[in-house]
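What follows is a set of notes on a single structure, which appears directly below.
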Amino acid sequence: MEELKIVPFSEKYFSEIQELNKKEGWNQLVERYKETFDAWKNSNAAYVVIGPNEKAAGYIRGLTDKNVTIYICEMLVSEEFRGKGLGGKLLKYVHSLYPRARMEMLASSTSHTFYEAKNFRPFYGFRKTYEE
């Protein structure tokens with residue numbers, strides 16, 4: 001695989017992150033630009049994968065108390081780099097920073113098999129937006 005590096009989030013990568021979101025069809029993140037930007041700035045487990053062209057090849061954004069829980073808010077790998085183990089490396093990297101914490105996330109109907117293959121187990125949860 002081409003040389004990739006995982007680096008902490010920096011504002012200079014935000015437009016590339018939004019471009020990845022747009023390509024993936026994650027329109028709410030794109031349309032809510034300021035809120036998404038603020039979410040990245042306020043996340044304490046936020047990393048970007050930089051590809052050989054110095055462009056974002058993927059990312060992971062999460063929140064953690066550093067001891068009990070790491071919650072992964074979003075993880076996305078550019079289509080060009082999928083199937084090469086990058087998603088698993090991102091998860092392992094973040095978990096290695098907080099090895100005593102459990103890692104939790106929501107998965108879509110199309111991504112749940114990825115997480116199950118990484119030994120994540122399903123659990124029951126709820127979601128509500130402020131407007132609901």
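Just so it is clear, none of the values below were taken in a lab; they were calculated from the coordinates. This one's a predicted model, so the numbers in the text were calculated from it and none came from an experiment. Positions of Cβ are backbone-derived with ideal geometry, glycine not excepted, and every protein chain shown enters the neighbour counts.
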Express in nm, to one decimal, how much length is gained between Asn42 and Leu106 on full extension, taking 0.36 nm for each residue of separation and deducting their alpha carbon distance.
21.1 nm
FRET efficiency for Glu116 and Glu80, using Cβ-Cβ distance with R0 set to 30 Å, rounded to 0.05
0.80
State the label only: which of [x] -0.29, -0.66, -1.06; [y] -0.24, -0.57, -1.05; [z] -0.25, -0.64, -1.24 corresponds to log10 I(q)/I(0) by the Debye sum over Cα atoms at q = 0.09, 0.14, 0.19 Å⁻¹ computed from the shown model?
[z]
Near the amide H of Ala46, under 5 Å away, which other amide H atoms are found, from residues 5 or more places off or on another chain, if H is placed in the peptide plane?
Phe9, Gly62
antiparallel share of DSSP beta bridges within the range 5-117, to nearest 5, in %, is 80
Cα-based Rg (one decimal) and Dmax (whole number) for the range 14-60, in Å?
10.6, 29
